[in-house]
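Data block below; observations after.
The values are calculated or read from the model by the stated rules, or taken from the named source; none is laboratory data. This structure is a prediction, so every number in the text was calculated from the model and none was measured. Note that we place each Cβ from the backbone using ideal geometry, even for glycine, and neighbour counts take in every protein chain shown.
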Amino acid sequence: MRKLLAMWAGKLLTIAGKLIGKKSSSSPGEFALKICPNLVGGLNKSIKKGIIVTCGTNGKTTTNNLIASALEAKGYKVLCNRLGANMLNGIATVMVQESGIFGKLQADYACLEIDEAYTPIVFDYVTPDVMIITNLFRDQLDRYGEIDITSDILKRAIKKVPNLKLILNGDDPLCVQFGQLAKGYYYGISEQVLPQTNDTKEGRFCPVCGEEQKYNYYHYSQLGDYYCPKCGFKRPHIDFDVTDVKLETPMRFKVNNKPMTINYKGFYNIYNLVAVYGAMEVLGEGTDDFGSLLTEYKPQIGRMQEFAFKKPVILSLSKNPAGFNQAISTVNTDKRKKDVIIAINDKVNDGRDVSWIWDVDFEKIQDENLNLLMTTGIRLYDISLRFKYEDIKVDLMTQSMREAVGRALSSDSEVCYVLVNYTALYPTEGVLNAMLKEGENR
């Protein structure tokens, strides 16, 4: 009876939230858990074939949602926290929303994005069959601390689940270490693709002995073909291997010699896609139709999301140095004349400490095709100061995203990129949709 009451209460909160324009991605579950604290504990009994969880600093929402889409394309019913609410209350919310009026919940698979810091808590209630770890970068230092703290949390979680299968980024030495704790399958990009610049290598020390690692080549941050000259730790054999990468739009590459094409931007998206390919193989679901799936998949909000004004406005979410560096790299591959807007907030979900902006290679944004550079958000003066130290002119500082976008639409640029961190994402999407509706693209 308590479980049923929790389900009903969550459903009512979901309806109420939608009536006032809320996404209702976590609050219904939070309330339901107060009524029935063990609500999520019943998930395994409701899933017929398997539970796949996705963790990692960057890319977990895209990866998780793409797995769900791939399984749904095969005709399965999938439970998935698509909006990225990745703590226990987010999982409870999607259970509430997908259950029947009498509290019955059934699905073939569950695809769950989980916040790294919450994995030990979630694994007390949920026993996954497959776990993907996309990468580990510094993120929200005031919440997570340094990367080794996050690693220890994930190790505790993995040890709670016997027979867990891990899908690990073989190009990230910080992910590879988890393969010692459970059965590991590795994916990676087995060729030099990007220019070998002096990007900050966050996890550059060997996770086994602490010696500084060497690289035959690297892709970004600590990802690449690494080896330790002291203890012999090195990039493992890659089970799901990416080769023949072509970065022009649409991007093309091969996974285990199977040709793939994707119609959206970002070298980092190749990692997300090959992680999904690996998960499908490990689940025994087959990948012969994987290429066709990619042509139909639409990236989530803020993942190089394009808005059709009189010139394209492209919204990109970046939450940490590695993410921003990759966003800047993607912007720079676009040779059109462009305006760039950067919005930085410091709300709780962003992390109050914004010192990470000094680890971003913002100097690389000043390429020959940059037209206007604008800053906004709660910490607009911090990000503007960051540009001042690089001797880069900021053309507009404003608290209003609408003003910044309006300035871009009236300029002589060909495209505008809007780079935001987490809590600036949905308000910015709201502004862009409102401006489209009001006809400001004419």
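Scoring D339 on the criteria (1) in contact with an Asp or Glu (Cβ under 7 Å, 6 or more places away or on another chain); (2) more than 29 Å from L66 (Cα to Cα); (3) not basic (K, R) leaves a single failure, condition (1). If the condition is being modelled with pLDDT under 90 and not in a loop (DSSP other than H, G, I, E, B), then region 247-259 contributes only M251. Scanning region 11-47 for residues that are surrounded by 17 or more Cβ atoms within 10 Å (Cβ to Cβ), at pLDDT below 80 and not in a helix (DSSP H, G or I) gives S24, S25, S26.
Cβ-Cβ distances below 6 Å connect the following pairs, each with a first residue in region 391-407 that is surrounded by 14 or more Cβ atoms within 10 Å (Cβ to Cβ), a second residue that is modelled with pLDDT under 95 and not in a helix (DSSP H, G or I), and a separation of six or more residues or different chains: I392/Q366.
Step by step: first the residues of region 69-84, then only those that are of a type in the set (G, A, S) and surrounded by fewer than 24 Cβ atoms within 10 Å (Cβ to Cβ), then the one that is nearest to F137 (Cα to Cα). Which residue is that? Explain how you work it out, then say what you get.
If we filter region 69-84 for residues that are of a type in the set (G, A, S), which is where we start, we get 69-70, 73, 75, 84.
Filter once more, so that each one left must be surrounded by fewer than 24 Cβ atoms within 10 Å (Cβ to Cβ): 69, 73, 75, 84.
On the way: S69: 26, A73: 32, G75: 35, G84: 18 Å.
Among residues in region 69-84 that are of a type in the set (G, A, S) and surrounded by fewer than 24 Cβ atoms within 10 Å (Cβ to Cβ), the one nearest to F137 (Cα to Cα) is G84.
This table checks each residue for (1) part of a strand (DSSP E or B); (2) modelled with pLDDT under 95.
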site: Y217; (1), (2): yes, yes
site: H237; (1), (2): no, no
site: I270; (1), (2): no, yes
site: V274; (1), (2): no, no
site: T287; (1), (2): no, yes
site: E306; (1), (2): yes, yes
site: A322; (1), (2): no, yes
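Quick one: would you say F233 is modelled with pLDDT of 95 or more and either assigned by TED's automatic domain parsing to the domain that holds D334 or farther than 17 Å from G59 by Cα (or both)?
Values: modelled with pLDDT of 95 or more: no; either assigned by TED's automatic domain parsing to the domain that holds D334 or farther than 17 Å from G59 by Cα (or both): yes.
No, not satisfied.
What do you reckon, is V418 touching a helix residue (DSSP H, G or I) at 6+ places or on another chain (Cβ under 8 Å), β-branched (V, I, T) and within 20 Å of R336 (Cβ to Cβ)? Answer is yes for this residue. Within 22 Å of the chain's Cα centre (by Cα), at positive phi and assigned to a strand (DSSP E or B) - does that describe any residue in region 164-180? Checked against the condition, which is being within 22 Å of the chain's Cα centre (by Cα), at positive phi and assigned to a strand (DSSP E or B), region 164-180 yields no hits at all.
Does N257 count as exposed (fewer than 14 other Cβ atoms within 10 Å of the Cβ), over 24 Å from P321 (Cβ atoms) and within 22 Å of the chain's Cα centre (by Cα)? I'd like the intermediate steps shown before the answer.
Details: exposed (fewer than 14 other Cβ atoms within 10 Å of the Cβ): yes; over 24 Å from P321 (Cβ atoms): yes; within 22 Å of the chain's Cα centre (by Cα): no.
For N257, the condition - exposed (fewer than 14 other Cβ atoms within 10 Å of the Cβ), over 24 Å from P321 (Cβ atoms) and within 22 Å of the chain's Cα centre (by Cα) - is not met.
The number of residues in region 28-45 that are touching a residue at least 60 places away in the same chain (Cβ under 8 Å) and either touching a helix residue (DSSP H, G or I) at 6+ places or on another chain (Cβ under 6 Å) or of a type in the set (D, E, K, R) (or both) comes to 5.
Candidates in region 78-135 are the residues that are small (G, A, S) and in a loop (DSSP other than H, G, I, E, B); of these, the one that is modelled with the highest pLDDT is S99. Exactly one residue out of T93, T54, T127 is farther than 25 Å from M280 by Cα, touching a helix residue (DSSP H, G or I) at 6+ places or on another chain (Cβ under 9 Å) and touching a residue at least 12 places away in the same chain (Cβ under 8 Å), and it is T93.
Name the pairs whose Cβ atoms lie under 7 Å apart, with the first residue in region 60-88 and assigned by TED's automatic domain parsing to the domain that holds T119, the second modelled with pLDDT under 90 and of a type in the set (F, W, Y), and 6 or more positions between them or separate chains? Taking only residues 6 or more apart or on different chains, the pairs are L66/Y297; S69/Y297. Close Cβ contacts (under 6 Å, 6 or more residues apart or on different chains) running from residues in region 193-209 that are over 15 Å from F137 (Cα atoms) and in the same structural domain as F137 (by TED's automatic domain parsing) to residues that are modelled with pLDDT of 85 or more and of a type in the set (D, E, K, R) comprise C209/K230. If the condition is being buried (at least 21 other Cβ atoms within 10 Å of the Cβ) and under 20 Å from I147 (Cβ atoms), then region 188-206 contributes G188, D199, E202, G203, C206. Collect the residues in region 97-122 that are of a type in the set (S, T, Y) and within 21 Å of A157 (Cα to Cα), keeping them in residue-number order. Those that are of a type in the set (S, T, Y) and within 21 Å of A157 (Cα to Cα): Y109, Y118, T119.
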